[in-house]
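Read-outs: derived from the displayed coordinates by stated rules, not from any lab. Values in this document were obtained by computation on a predicted structure and should not be read as measured data. Neighbour counts are summed over all protein chains in view; Cβ atoms, including those assigned to glycine, are modelled from backbone coordinates with ideal geometry.
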Amino acid sequence: MRQTPPPAVAPEPITAEPPHSADRPLLTQSWLDLAFLHWAVDPADVAPLLPAGTVPDTLDGVTYVGLVAFRMHKVGWFRLPGIPYLGSFPETNVRLYSVDAHGRRAVVFRSLDASRLIPVAVGRAAFRLPYVWSRMTVRRDGDTVTYAGTRRWPGPRGAHSRISVRVGERVAEPTALEHFLTARWGMHTAFFGRPLYLPNAHPRWPLHRAELLGCEENLIATAGLPAPAGPPVSVLYSPGVPVRFGRPPRTRSVGRA
C-alpha cells in the first residue's frame, strides 16, 4: 500500500469564503441545483486513490466520499461569455478530500459523469480529468429534485445513479462537518504525471437541509471505493453559485522536517 506522509505544513483553515480571488480566471461557470451526499470512509481506503503529493484530508480522523449531483451552467473560457448549450448540462461526480504539502485543502474527482460529449472530451484531453459521457436528467417538482444518469462512454456500461431529495430549510450556520465538505477552494489532480492544483472562488454557499428520498447508485464502487453500507451521514442542497477557476499557482518546493 502507498505510504501517505503528513503534509509538510499545517492544513490551511477551513473558511466559508475563498482565500483567493481568481481575478484572472481560466474557466467560469455556475453550479446550480446541487445535492451533496456524503459517507464517512477510512482514510486508508482513500489514500491509494489520490494524486501524488496529496494525502486524505480528515476531520476528527475521518475522511469522506461525496456524491454530488447538479446542473453545470454556461461554462466559459477566460473572461468570455459562457456557452449556453454545450456549456450547460447535468453532472454527477464522485469526489474525495485531499491536502497537499503546502497545506492546501481541495477535492479530488474520481469520476465526473456529464451529458455533453464535447465537454467530456475536452475535460479528458485538456485537463486529464476522469469525465464520462452519460445519459442524464435533472428534474424539479416543487421542493423535490431528482437526478438520474446512466453511463455511455467510456464506461463501464451499467454504472448509474438516481438520487431524489426534498429541499428543506436554509442552514443558518453550517456545522464544522458541513463546512469541511463544502468549503473547498481548489482541485488536486495529475497532469501528464505531475501534480496540479487549480484554485477556485465563489460566494459563500447558500445551503439547505435536505431529506434523501431515494438513492440508487454504483458510481462510488465503480470509482474504486467501498460501496456505501448505509445512508449518507450528510445530505445538503444548494441552489448554486457562480464559480471562477484560476490558473495553477507558482509554488516553491516544500521540504519536510
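At an R0 of 25 angstrom, the distance between the Cβ atoms of Ser21 and Ala121 translates into a FRET efficiency of 0.25. This ranking places Phe70, Phe127 by how few other beta-carbon atoms lie within 10 Å of each, fewest first, which gives Phe127, Phe70.
Working from the Cα coordinates of the range 153-202, the gyration tensor eigenvalues give, after taking √(5λ), semi-axes of 28, 24, 8 Å in decreasing order. What does a probe at Leu59 reach in the range 149-188, counting residues whose amide N is under 11 Å from the point 7 Å along Cα→Cβ? It comes to 174-184, nothing else. Counting Lys and Arg as +1 and Asp and Glu as -1 over every other residue whose Cβ lies under 15 Å from the Cβ of His208, the net charge comes to -1.
Listed from fewest to most Cβ neighbours within 10 Å, the set Asp60, Asp45 follows the order Asp60, Asp45. Residues with beta-carbon under 13 Å from that of Val65, excluding Val65: net charge, scoring Lys, Arg +1 and Asp, Glu -1? Residues close to Val65 contribute a combined charge of -2. Take the chain and mark each of the trypsin sites (Lys or Arg not before Pro) that is in a DSSP loop with at most 11 other Cβ atoms within 10 Å; the longest unmarked stretch, sites excluded, is 158-249. Neighbour counting of Cβ atoms within 10 Å sorts the residues Leu112, Leu67, Leu49, fewest neighbours leading, into Leu49, Leu112, Leu67.
Here the Debye sum runs over all C-alpha atoms of the chain as equal scatterers in vacuum, and log10 of I(q)/I(0) at q = 0.07 Å⁻¹ comes out as -0.22. Extension gain, Asp143-Ala176: 0.36 nm per intervening residue step, less the Cα-Cα distance, totals 9.3 nm.
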